[in-house]
Ligand code: ADP
Ligand code: MG
């Protein structure tokens, strides 16, 4: 089974940033409001994610590392209406098969925390008591220590950390109620404090995307039946390199989606007569039954059941904002 895990790891665990993404998504699924990410040497020597979520019960700790063990879906019906970020039960199994992996957790019902350790193929499933507040800490040390071919593909610490930084930016944009702190080699690099009102949220978006983006962007707030689109789309005067600021989220999940980008471009093309790729941060909410997220292991892609409808809805929302704005 460890070999299968290592193969699966090839799909989910490309580099330290993908580990960080999976771990932080688990923290969010656990309802965490504070997530601390500590990185050493670009993540090659250590990735530690600590949260104040609801934790993992002692009895489920070893199981959490098993393949296809997920507490998030119980049946096929659940798979059709996913709201949690995780659901495949693959991440921890994969990551622990290619690292020295420690999982420490405590639930509110437990008076003490418990810890499991796994090291590549030799899974050590003995559980030992540990000291930890309610929540979970995952430590991933020596990533790819047993898969040298993969390890060889790691870039410089600086590059790997830049990817991690980007992952945290993307997630932090979508989760304004959560405080994130990110440090590298024991130095605090980012601190995104939780935002409790619209003003704080705007500040936080500005902290992540820059003041100039917010000042030169249309605010989108558009509803139709079960569809809701919100966020910001930059006007053409916003000239920062556009392709690095294109963030779309479907039900809180960051995705790359042609339907969404096409709708934005079409609105810009027709109303502003520009072929430019606008910068944007957009959140689409829809009934989870109307979108398939189980398209790819990294869960970056979605499939809308009625993509034409979604396309036209987004197009209309942006056209409406363009028309209302005093250009
Ligand atoms: P998935 O997220 O797809 O369910 P993972 O392999 O990422 O699968 O995690 C396996 C299981 O471990 C989760 O379903 C969850 O029950 C538990 N788990 C992992 N990380 C955390 C966390 N930070 N807090 C609480 N539970 C967690
Ligand atoms: Mg997960």
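The values are calculated or read from the model by the stated rules, or taken from the named source; none is laboratory data. In this text, all values refer to a predicted model and were calculated from it rather than measured experimentally. Methodologically, a virtual Cβ is constructed for each residue, glycine included, from the backbone with ideal geometry; neighbour enumeration extends over all protein chains shown.
Among the candidates 199, 166, the residue that is out of contact with any strand residue (DSSP E or B) (no Cβ under 9 Å at 6 or more places or on another chain), farther than 21 Å from residue 254 by Cα and assigned to a helix (DSSP H, G or I) is uniquely 199. When residues in region 17-70 are screened for being free of Cβ contacts under 8 Å to residues at least 12 places away in the same chain and within 13 Å of ligand 2 (Cβ to nearest atom), 0 of them pass.
Tell me yes or no: at least one residue of region 224-245 is surrounded by fewer than 18 Cβ atoms within 10 Å (Cβ to Cβ) and touching a strand residue (DSSP E or B) at 6+ places or on another chain (Cβ under 6 Å). Checked against the condition, which is being surrounded by fewer than 18 Cβ atoms within 10 Å (Cβ to Cβ) and touching a strand residue (DSSP E or B) at 6+ places or on another chain (Cβ under 6 Å), region 224-245 yields at least one hit. Residue 149 satisfies every condition listed in (1) within 20 Å of residue 96 (Cβ to Cβ); (2) surrounded by fewer than 18 Cβ atoms within 10 Å (Cβ to Cβ); (3) at pLDDT 95 or above except (3). Scanning region 267-279 for residues that are in contact (Cβ under 8 Å) with a residue 40 or more places away in the chain, in contact with a helix residue (DSSP H, G or I) (Cβ under 6 Å, 6 or more places away or on another chain) and either in a loop (DSSP other than H, G, I, E, B) or over 18 Å from residue 308 (Cα atoms) (or both) turns up 271, 278, 279.
Of note, residue 213 satisfies the criterion of being within 18 Å of residue 166 (Cα to Cα) and over 20 Å from the mean Cα position of the chain (by Cα). Any idea which of 214, 264 is in contact with a helix residue (DSSP H, G or I) (Cβ under 9 Å, 6 or more places away or on another chain), more than 22 Å from residue 31 (Cβ to Cβ), crowded, with 17+ Cβ neighbours inside 10 Å and free of Cβ contacts under 8 Å to residues at least 24 places away in the same chain? The unique qualifying residue is 214.
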